[in-house]
1. Could you work out Rg/(2.2 N^0.38 Å) for region A:94-139, with Rg from alpha carbons only?
2. Leaving ligands and nucleic acids out of the surface, order A:Y48, B:Y29 by accessible area at 1.4 Å, largest first.
3. Of all alpha-carbon pairs in region B:125-170, indicate the percentage at a distance above 13 angstrom.
4. For a protection proxy built on the mean count of beta-carbon atoms within 10 angstrom, sort B:19-28, A:37-46, B:68-77, B:148-157 highest first, please.
5. What whole number of Å gives the distance from the Cα centroid of region B:111-168 to the Cα centroid of region B:5-83?
6. Which value in Å does the Kirkwood hydrodynamic radius of region B:2-93 take, with 1/r averaged over all unlike C-alpha pairs and then inverted?
Amino acid sequence: MTSESTFREASQVHESWDDEQLLAALREAVTARQAVPAWFVDTAKSAYAWHNIDAELAQLTYDSEADLDLAAAVRSETASIRALTFTSPHLTLELEVTENSLVGQIIPPRPGTLEAQTRPGVTTTATVDEIGCFVVDPIPEGPFRLRCRTDDGIDVLTGWITL
Amino acid sequence: MRDDPTVVALVARAAGGDPGAWIEIVERYAPLVWSICARFQLSNQDTEDVGQNVWLLLVEQLGKLREPAALPGWLATTTHRECLRVVTSAQKSERLGTKLDEALQVVDKTAIDEEILVAERNAALLAAFAELPLFYQQLLSMLMAEPPHSYAEISAKLGIPVGSIGPQRARGLERLRRSAALKALGTDDIGVNIPGGEPGA
């Protein structure tokens, strides 16, 4: 798919193709499509279920694990807690991973409800208290995402997290 | 980026809540997202994560894309970014001594442009192919097969004389070449008309 010859052909897209070239290009398109596993396409199709859900998407903006080199240089103790931060236009979610649970706070602090959703659709619900704190216990197995709805109407969804 | 009216219409329909349009977008561009993940040699798990994030971001952005025609470019750039994030994170957490291939670290503009071109061309070819009459789809599929079918097999399967396979092949390809999908790609000047000519297979 990404071979040299592919690249060369692609840049010749405005030139005339004879029958052989056209058939070869068609074969390449079919082959590229067949190389994509069904699960990958299904995942993509099911993403549309999130359309019209009024949630803002929160991006991962900090991950202590992605910052290990710096952390190791700065800290003398090795046992550090993994910390993650997700940021959306209206809300920041700060998470700390403890042994069994996920402890977090939303900023600016306000009460609401937090859901951890796994791929198979299992949802764990936690209450977000007056100062924006919540605990998800136990930590969901496998990839999950958090959806936080505050009492004053902010709705935020994180990308997938695997711990 | 070319202005492909099909892509613009698909994005508008998907943004408006048409699941069929979304499925068509996915069918067209899943190979693009997949091929970028493959170039980064991601595991299946990481590929699934990247795919999830990319398509989810797109669902969110559907109504906000400034240039819907540039959708393939948006997808390619977003997929690269997500792949880099996964690769960089894995590299650091595993404390690998080896440096990630420098070529992958930089978002290679040329490589992305090429991937976009290939993706657009492939999408147009498949769309054009899908619009061909079933007979030509079957004929061209058999001619493209690996290992290739013999003319005798094709003749038996499609019920046409061996002698007409060559001319029909040329006609099928000519219809493909003249299709709206390929025209939208900006390949009007592809078309060298070879009416019924026997191709040098």
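1. The value comes to 1.12.
2. Details: A:Y48 30, B:Y29 5 Å².
Output order, biggest surface exposure first: A:Y48, B:Y29.
3. When every Cα pair of region B:125-170 is considered, 53 percent fall beyond 13 Å.
4. On the way: B:19-28: 19.1, A:37-46: 16.5, B:68-77: 20.8, B:148-157: 14.0.
Final packing ranking: B:68-77, B:19-28, A:37-46, B:148-157.
5. Cα centroid of region B:5-83 versus Cα centroid of region B:111-168: 26 Å apart.
6. Details: mean 1/r = 0.0736 Å⁻¹.
Kirkwood hydrodynamic radius for region B:2-93: 13.6 Å.
The values are calculated or read from the model by the stated rules, or taken from the named source; none is laboratory data. Only a predicted model underlies this, so the values are computations on that prediction, with no experimental measurement involved. Note that we place each Cβ from the backbone using ideal geometry, even for glycine, and neighbour counts take in every protein chain shown. What goes into the accessible areas is simple: the full protein's heavy atoms, side chains included, and nothing from ligands, DNA or RNA. Shrake-Rupley method; radii C 1.70, N 1.55, O 1.52, S 1.80 Å.
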